[in-house]
Amino acid sequence: MTKTDAGGGLGRASAILASGTFVSRILGFVSAAVLARAIGTTGAGADTFAIANQLPNNIYAIIAGGLLSAVLVPQIVKAGMHDDGGQRFINRLVTLGLAVFVLAAVIATIAAPLLVDLYSQQSADGSRGLSPDEMALATAFAYWCLPQVLFYAIYSLLGEVLNARKIFGPFTWTPVLNNLVAIAGMVVFIVAFGGDPAHTDASTWTAPMIALLAGSATLGIAVQGLGLFWFWRRAGLTYRPDFHWRGVGLGATGKAASWVFGMIVITQLAGIVQSNVASQAGGSGDASVRVLGLSWLIFMLPHSIVAVSIATAYYTRMSTHAHEGNLGGVRADFSASMRSIGLIMVFAAVGLIVLAFPFSAVFDNDFDDVQQMGYVVIAYLVGLVPFSILFLIQRTFYSLGDTRTPFFLQVFQSALFVLGALVVAGFEREWIAVGIAAVTSIAGSAQALVAAVMLRRRLGRLDAGRILRRYALFALAALPAAAVGVGLLFAMGGTTQDGFAVSDWFTALVSMVVIGGAMGLVYAGVLVAFRNPELGEIVRPVVRRLRGRG
């Protein structure tokens, strides 16, 4: 089982987190591609399943979501100083969490019709929004998907306890099991019922089809969550139900959690607006809920592998520094993690913008659909770097025990987003998804800027000069890389119908490897020429290991 020490283990922890996330995300893309072959990326089947399968994430976010990572890690670190090493706190916390999550999952499943109605736009004539038959199909999917609330919560609760104990591996590797189960379910679905375009109309769906597709999705989440109990035992952790919830520090946890809960509610209110606006283009063949989900999956790939892995590894140590009153240590960790994240995220944003059309072609062979999705991906990626910066800033506030400031920052972002989404609601159907993605990037970038100013006030200084110089260098290195990438994209037909780079999923993957590889070599070459220390910190351990094996 993987543990890290308080000193030199951060690089190893980040690598373990990144490797597990990388494998999981790759399988996630395989899962999304197989799902696209099964039910398409547009039309009734794709949009209604996307709405239903997103509901458990939304409900889970409201009852727990960022609450667990924002609040539990600092509290478990503190509880570890108790005479029992925090065991009573963990037992009571897990018992309370399981009780709340079981109740929430039951209520959410019973309320499936109300939730589908809340998160989607219905249209009697089908001109803008989902038809009554499509709403019924979404509700049927939701009954099978909403029990996922319980298993998402179990995964996060047990995983954050492991993270707080500096055992990072299981949290990032158990999603691999989820993806394998989901892929198997979709392959069986295609074999049994055929694939897209047979399922683009709501009237073609039967009860066995719904049960197989949505049921296998829920089974995958169950395996992911329950699997962590096995890793707990392997890590030497024990759990005994304990319903005595007084006197062990849960009150402090509740106070810290109240602001995070408010922040999540605000986020979900904005999410309801987004889902309703997006579903206006649903069931029509235009980019809608499903395309937004796939585009967000592409957007989240580098963030999940790099930013989350680095921030999670630093987060536990920043929480320890903050508990000891060592703000200098918090500042040093914040600066180091910001520079490490920026090295990869600047290149990822530029590279994925260049590769947006080939990436979209992995999921759909129709060039019009590829274009629509490509524009959505680009609109999201404009905000990738600010999004990752904001994630780290939020974790820094949480390590300081400050959940109040992130709440007001989220209110600011959500207000901007809702205003923008209401404007987008008046767009033509084919531009609604692009508009939502653009508004998301604008609002998120504004939030990141304000958050950085607020964190500087909290810490006194942020090593801003060095951080900005590094980001300027990363942007400079990305310019020639982008030029090479765009040239290769045009040469490989990435912007024309029937072009090699967008003709099918295989040629799209080949094109991404060639173009992305060339861009990466140029980017790294410029950084080497400027002797960038962050690149050296990544390369040196790899070189040492290769020499050691040689």
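Residue-wise HN-Hα couplings along segment 466-475, as the Karplus relation 6.51 cos²θ - 1.76 cosθ + 1.60 with θ = phi - 60° gives them from phi, are 5, 4, 5, 4, 5, 5, 5, 5, 4, 5 Hz; Gly and Pro carry x.
For segment 326-459, what is the convex hull volume of its Cα atoms per residue in Å³?
That works out to 100 Å³ per residue.
Using the alpha carbons alone, the radius of gyration of segment 299-343 stands to its Kirkwood radius in an Rg to Rh ratio of 1.05. Binning the alpha carbon pair distances of segment 320-400 at 10 angstrom intervals from zero yields the distribution 17, 34, 23, 16, 9, 2, expressed in whole percent.
Over segment 345-391, what portion of Cα pair distances is larger than 14 Å, expressed as a whole percent? The proportion of pairs with Cα distances above 14 Å equals 47 percent. Taking the Cα atoms of segment 379-425, the ratio Rg/Rh between the radius of gyration and the Kirkwood radius comes to 1.07.
With the simple model of a label 7 Å out from the Cα in the direction of the Cβ, residue 203 to residue 269 spans 4.2 nm.
Could you please state how large a percent of the accessible area of segment 357-445 is carbon and sulfur, counting protein chains only and using a 1.4 Å probe? Looking at segment 357-445 in its full context, I get 67 percent from C and S.
Between the listed residues 444, 351, 376, the Cα displaced farthest toward the positive end of the dipole of segment 347-490, a dipole computed from Cβ unit charges relative to the Cα centre, is found at 444.
In square angstrom, what is the accessible area per residue of segment 491-542 with a 1.4 angstrom probe?
On the way: 2850 Å² over 52 residues.
Accessible surface, normalised per residue, equals 55 Å².
Size descriptors for segment 423-534: radius of gyration and Dmax over Cα atoms are 19.4, 56 Å.
Give me the number: length gained by fully extending residue 530 to residue 99, i.e. 0.36 nm times residue separation minus the C-alpha to C-alpha distance, one decimal in nm. Computed gain between residue 530 and residue 99 is 149.6 nm. If amide H atoms are built 1.01 Å from N in the plane of the peptide, which residues on other chains or at least 5 residues away come under 5 Å of the amide H of residue 130? HN-HN under 5 Å from residue 130: 121, 122, 123.
The values are calculated or read from the model by the stated rules, or taken from the named source; none is laboratory data. None of the values given here were measured: they were computed from a predicted structure. Reconstructed Cβ throughout: ideal geometry from the backbone, glycine too, with neighbour counts over all protein chains shown. Accessible surface is based on the protein model in full, side chains and every heavy atom, while ligands, DNA and RNA are left aside. Shrake-Rupley method; radii C 1.70, N 1.55, O 1.52, S 1.80 Å.
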